[in-house]
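Student: First the structure, which I've put down as structure tokens, then a few questions once you've had a look.
The values are calculated or read from the model by the stated rules, or taken from the named source; none is laboratory data. These numbers were taken from a predicted model, which means no experiment stands behind them. Note: ideal-geometry Cβ built from the backbone for every residue, glycine included; neighbour counts use all protein chains shown. All accessible areas refer to the heavy atoms of the entire protein, side chains included, with ligands and DNA or RNA removed. Shrake-Rupley method; radii C 1.70, N 1.55, O 1.52, S 1.80 Å.
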Amino acid sequence: MIRKETVEKTFELLSEYDEYTKNKEFNELLNEGDLGEYQVIFKTPEGEEHSLERIASAIFSADRARYRQLVEKTKETMKHQALRIDQYSNNENVFDRLVAAVKQKASIVPFVGAGFTVAAGCPAWSEYIVSQAIKAQMDEAQIRARLKVGEHEEVMDEVIQAQTLPVFKREFASEFEGARIAPALSPATELTQLFSGSMVTTNFDRVLENCHQAIEPFIEKVIGNENSGRFLKALYRGEKYLLKLHGNIDDQQHRVLTKAEYDRGYGQGDVDYNLPIPKMLKKIFGNFSFLFLGCSLVGDRYLRVLKSVYDEGADYMPEHFAILSAPDDEAELADRDQFLAGHGISPIWFAEGDWAAPEDILKLLNREAL
């Protein structure tokens, strides 16, 4: 017969093991000296002193309170650094709400834009448009100014007309496809552990699909112009579907790339909610929280749908989040913040060009929410 004391001791040891192993990252940093020159000295009765290499396990065993203090202090420091709190003090409040939502298993849907493919070797979308405009002998300064205020559709139209669509598609394939693209380097890899359900992307590349292929592939891919409720049903069921909102670059029938294609997909002038894309977006924006990643959130046509959902029922709409590049100018940052608030989006900011920040923030989310 197993004694009660034996069972209790076993559970105690297992609990201690769980506590130690869940702090694996901290233990490694402490052992490797990345948290400072901590030392644990073992002294023999003869007066000999030996420095122990496994500092974390020694402190954990000898002084549990001190170990826990170090863990909490390190977590706070890492959180402070990952969220760039020195620059953007409100990031912590927004991040904590996001963590709470993930912990509560709220229905949060990642919405992935082109910014999340840069680390994988793809060019930033705006920079790619600029480079193609230069090849088409268009004025670079004017193009950049127009993109900054959200004229992506109009600029894209002019670039394609100047180049011809076959040339544009050929250039796209050379820049966004091939062996030099490394999906494993994209911060989208962090999403594989955090979110097991469906996702949305406006990207034409296949970086997001390839990130998930080796771990947990998408069950199905759906295009935005598909006139069905398959993606909405997948969201409610918690199934892992990928919505390619604007289709694929080589599918002219369903693709949304040129201004004419945007008009066909969203409606000419006002948004036409009889069309598949706006009809579906209106339903999912009003019922699920979205986490926008790698999106500019400036002149995107889907923002018109989100704005209308917010205006119709802000009090009933779930909170949306974004990890977003911030303007350098404080007045411009305040304007952007007001714009996002008017769409129901709470941003976690990082400085323009700080492309390590999104991955740092998602790693932190993985640590705190799982």
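Student: With everything on Cα atoms, drop me the angle between helix 64-82 and the longest principal axis of the chain, reported from 0 to 90° to the nearest 10.
Tutor: On a 0 to 90 degree scale, this one is about 20.
Student: Right, here's the next one. Once label points are set 7 Å from the Cα along Cα→Cβ at both residue 221 and residue 312, what is their separation, rounded to one decimal in nm?
Tutor: In this crude spin-label approximation the distance works out to 3.1 nm.
Student: Hey, what angle do you get for helix 302-313 against the long axis of the chain, alpha-carbon based, 0 to 90 degrees rounded to 10?
Tutor: Once rounded, the angle reads 80 degrees.
Student: In the calculated pair distance distribution of the chain, what percentage of Cα-Cα distances lie above 37 Å?
Tutor: Value for the chain: 30 percent of Cα pairs lie more than 37 Å apart.
Student: Moving to a separate point now. Return one number: the angle in degrees, 0 to 90 and rounded to the nearest 10, between the long axis of the Cα atoms of helix 330-341 and the longest principal axis of the Cα atoms of the chain.
Tutor: For helix 330-341, the angle is close to 80 degrees.
Student: Pick from 126, 61, 174: which is most flexible by mean-square fluctuation in a GNM of the chain where alpha carbon atoms under 10 Å apart are linked?
Tutor: Fluctuation is largest for 61.
Student: Tally up the carbon and sulfur contribution to the accessible surface of the chain as a whole percent, 1.4 Å probe, everything protein left in place.
Tutor: Whole-percent figure for carbon plus sulfur exposure: 49.
Student: Separate question: In Å², what does the accessible area per residue of region 188-260 work out to with a 1.4 Å probe?
Tutor: Accessible surface, normalised per residue, equals 42 Å².
Student: Per residue, how many Å² of accessible area does region 109-150 show with a 1.4 Å probe?
Tutor: Accessible area per residue, region 109-150: 43 Å².
Student: Given a cut-off of 31 Å, name the pairs among 75/283; 105/148; 135/282; 148/279; 22/105 whose C-alpha atoms lie farther apart than that in the structure shown.
Tutor: Distance filter (> 31 Å) returns 75/283; 105/148; 135/282.
Student: Could I ask something else about it? If a/c stays under 1.5 just call it rounded; otherwise compare a/b with b/c (prolate if a/b is bigger, oblate if not). Do that for region 128-192, with a ≥ b ≥ c from the square roots of the Cα gyration tensor eigenvalues.
Tutor: Since a/c reaches 1.5 but b/c is at least a/b, the shape of region 128-192 is classed as oblate.
Student: Let me ask you something else. Return the percentage of antiparallel bridges among DSSP beta bridges fully within the chain, rounded to the nearest 5 %.
Tutor: Roughly 10 percent of the beta bridges in the chain run antiparallel, per DSSP.
Student: Continuing with this model, one more query. Given a cut-off of under 8 Å on Cα pairs at least six residues apart, what relative contact order in percent is computed for the chain?
Tutor: 17 percent
Student: If one computes the Cα centroid of region 51-107 and of region 193-228, what distance in Å separates the two points?
Tutor: What the calculation gives is 31 Å, centre to centre.
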